[in-house]
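All remarks here apply to the structure that follows.
Where a number appears in this text, it was derived from the coordinates with a stated rule and is not lab data. Everything numeric in this text was worked out from a predicted model, so none of it was measured. Counting neighbours? That spans all protein chains shown, and the Cβs are built from the backbone with ideal geometry, glycine included.
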Amino acid sequence: MPCSDRSLERGDPLLGTAGYGERWFLVEIDGAWGAHAFLQSPLDPALARALVTRIESAGIRPLAIRRTGRTSLQRRAQAEWRWAAVDARVGHERVHWGVVSDPAELMRVPLDGSSGTPSTEPLICVCTHARHDQCCAVKGRPVVTALAEVYPAATWECSHLGGDRFAATMILFPHGLYYGRVNGAEAPGLVDAYLHGRIEPRLFRGRSSLPNVVQAAAAFARANRGDNRIDAFEYESWTESGGVHTVSFRHPGEHAGEHLVVRLGETRSEPLLSTCAAGSAQPVREFELRSIASR
């Protein structure tokens, strides 16, 4: 059984599972991707290694992107390499786009996007990275096809995002909002909610610029207060003692400046196969709510 079907059958929780990434650097790489989308691609291998090293050494996550629905002939004819520098940090959300005519020029592009053109449009990335996990391709492609019909300029296929067992996985930039178990029928509604400043909690995994504990705490706070605005809960602090995490948020709520304290316990799941290629079952981290209180 595919890993995403096993995950759904078990009811693995989505909250607090978004992969971490404060800043991202996206590169359009047309053509087939191997298990590593940069190193096993149409890019020269030496250039690809140098580029990935440059990006990761700056504390930035690399992500390969490509348009959906293109023929193999169109992909082989790639003459330009678009790039996007994304800042997903809370309060710094932005996307800058640029393009080069030779992929070697990517080594000279400022990773902060300062040489690019700022964009106010959303950037939708759906994982279709088949060589990394078959679930991403099987479940991701119908999603990216549906989104491309509604948001053709904003929609991209992308390489591995993490959480293959939650395929189809999607991230919405510049806020870095992760969704899982997305299907083609629901995907446009998730983007529409994003454009209106809201999160759809049922399929929401977390925000990439926040630690997993804080993502989970924010999900519990959101459910408790019934507030699904993207910026409703302003993260203030996080401490841990005796296996209990205490996360504080500022929330306007009914009382301006309300401070909300969420206490979480951390547990381990039963051993599971988290990807289709996993050779041994391992437990994964999960979170349970202990309490929520105002102060």
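Please name whichever of Trp238, Ser248, Gln215 sits farthest to the positive end of the charge dipole of the range 205-256, dipole taken about the Cα centre and charges placed at Cβ: Lys and Arg +1, Asp and Glu -1.
Checking the options against the dipole of the range 205-256, the answer is Gln215.
Step through the residues of the range 31-36 one at a time and calculate ³J(HN,Hα) from phi using the Karplus curve (6.51 cos²θ - 1.76 cosθ + 1.60, θ = phi - 60°), rounding each to whole Hz and writing x for Gly and Pro.
x, 6, 10, x, 4, 10
Given the -39500 (n - 2.57) contribution per DSSP H run of 4+ residues, what per-residue ellipticity at 222 nm results for the chain, rounded to the nearest 500 deg cm²/dmol? Don't jump to the answer; show the numbers that get you there.
Details: 6 runs with 66 residues, N = 295.
Mean residue ellipticity, 222 nm, calculated: -7000 deg cm²/dmol.
Can you give me the C-alpha center-to-center distance between the range 133-158 and the range 1-40, rounded to a whole angstrom?
When both Cα centres are located, 13 Å separates them.
Given the range 212-291 reduced to its alpha-carbon atoms as identical point scatterers, what log10 I(q)/I(0) does the Debye formula return at q = 0.11, 0.12, 0.27 Å⁻¹?
For the requested q values the scattering log ratios are -0.37, -0.42, -1.23.
Would you please put 217-224, 95-102, 180-187 in order of how densely packed they are, using the mean number of other Cβ atoms within 10 angstrom per residue and starting with the highest? Before the final figure, lay out each step's value.
Working: 217-224: 21.0, 95-102: 15.8, 180-187: 18.6.
Per-residue Cβ counts within 10 Å, averaged per peptide and sorted highest first, yield 217-224, 180-187, 95-102.
Would you please put 202-214, 230-242 in order of how densely packed they are, using the mean number of other Cβ atoms within 10 angstrom per residue and starting with the highest?
Values: 202-214: 22.0, 230-242: 13.7.
Most protected by this proxy first, the peptides run 202-214, 230-242.
Taking only C-alpha pairs under 8 Å that are 6+ residues apart, what is the relative contact order of the range 3-202 in percent?
22
Across 10 Å bins from 0, what is the distribution of all Cα-Cα pair distances for the range 65-155, in whole percents?
Result, from short to long distances: 15, 36, 40, 9, 0 percent.
Need one number: % antiparallel among DSSP beta bridges in the chain, to the nearest 5. Walk me through the intermediate numbers first.
Working: 53 of 62 bridges.
Taking every DSSP beta bridge with both residues in the chain, the antiparallel ones total about 85 percent.
Size of the dipole of the range 3-202 about the Cα centre, Lys and Arg at +1 and Asp and Glu at -1 on the beta carbon, nothing else charged, in debye to 20? Don't jump to the answer; show the numbers that get you there.
Working: 22 positive and 22 negative charges, 57 e Å.
Here the size comes out at about 280 debye.
Could you calculate the contour length gain from Glu234 to Arg250, that is, 0.36 nm times the residue separation minus the distance between their Cα atoms, to one decimal place in nm?
5.3 nm
When all alpha-carbon pairs of the range 136-255 are counted, what percent fall beyond 23 Å?
On the way: 2443 of 7140 pairs.
Tail fraction, whole percent: 34.
Could you tally the net charge around Asp5, taking each other residue with its Cβ under 11 Å from the Cβ of Asp5, Lys/Arg +1 and Asp/Glu -1? Walk me through the numbers before you get to the answer.
Details: positive: Arg6, Arg10, Lys139, Arg165, Arg181; negative: Glu9.
Its environment carries a net charge of +4.
Towards the positive end of the charge dipole of the range 1-126, with charges on Cβ (+1 Lys, Arg; -1 Asp, Glu), say which of Ala84, Pro122, Cys3 has the farthest Cα.
Result: Cys3.
Could you give the semi-axes, largest first, of the ellipsoid that matches the chain, computed as the square roots of 5 times the alpha carbon gyration tensor eigenvalues and rounded to whole Å?
32, 22, 18
For Asp192 and Ala293, calculate 0.36 nm times their separation in residues minus their Cα-Cα distance, and state this gained length in nm to one decimal.
In short, 33.2 nm is gained.
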